[in-house]
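Bear in mind that the values in this text are calculations on the coordinates, not laboratory data. These numbers were taken from a predicted model, which means no experiment stands behind them. Note that each Cβ is placed from the backbone with ideal geometry, even for glycine, and that neighbours are counted across all protein chains shown.
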């Protein structure tokens, strides 16, 4: 299932991450999408996004959006801005806790669904 409105994109992302569904996550991105994999490090395209998301899924972390705000929409683009948390285990076995606020852009596709064009989980 694809997002039928901009706000649904974040809900679907969280559900697929929690399920460990890499292919489902990738299906939420445009082929040429950009992802800020780490603060100051942007990757572009499906292969690079796959690699970055594989690393996050490998943490066995839980992910949740803390606050969902209405999208700011203009034509076929919408800005999503939500707070999130991620808890898991770091590579060294220590507890891992991350939290930030997204600044993501989704674009309406020809079939009316919405896909991530820019995913910046560190955008707050």
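I need the full set of residues from region 70-89 which are in a loop (DSSP other than H, G, I, E, B) and either closer than 21 Å to residue 16 by Cβ or in contact with a helix residue (DSSP H, G or I) (Cβ under 6 Å, 6 or more places away or on another chain) (or both), in order please.
71, 81, 82 - these are the residues of region 70-89 that are in a loop (DSSP other than H, G, I, E, B) and either closer than 21 Å to residue 16 by Cβ or in contact with a helix residue (DSSP H, G or I) (Cβ under 6 Å, 6 or more places away or on another chain) (or both).
What number of residues in region 30-60 are more than 14 Å from the chain's Cα centre (by Cα) and crowded, with 17+ Cβ neighbours inside 10 Å?
Residues that pass the stated criteria total 0.
Right, residue 122: part of a loop (DSSP other than H, G, I, E, B) and in contact with a strand residue (DSSP E or B) (Cβ under 8 Å, 6 or more places away or on another chain) or not?
yes
Mind checking which residues of region 16-33 are in contact (Cβ under 8 Å) with a residue 24 or more places away in the chain, in contact with a helix residue (DSSP H, G or I) (Cβ under 7 Å, 6 or more places away or on another chain) and closer than 14 Å to residue 115 by Cα?
25, 26, 28, 29, 33
Restricting the search to region 103-119, which residues are buried (at least 17 other Cβ atoms within 10 Å of the Cβ) and either farther than 22 Å from residue 38 by Cα or touching a strand residue (DSSP E or B) at 6+ places or on another chain (Cβ under 6 Å) (or both)?
The answer is 104, 105, 106, 107, 108, 113, 114, 115, 116, 117, 118, 119.
In contact (Cβ under 8 Å) with a residue 12 or more places away in the chain, over 12 Å from the mean Cα position of the chain (by Cα) and surrounded by 17 or more Cβ atoms within 10 Å (Cβ to Cβ), is that true of residue 78?
When the stated conditions are applied, residue 78 passes them.
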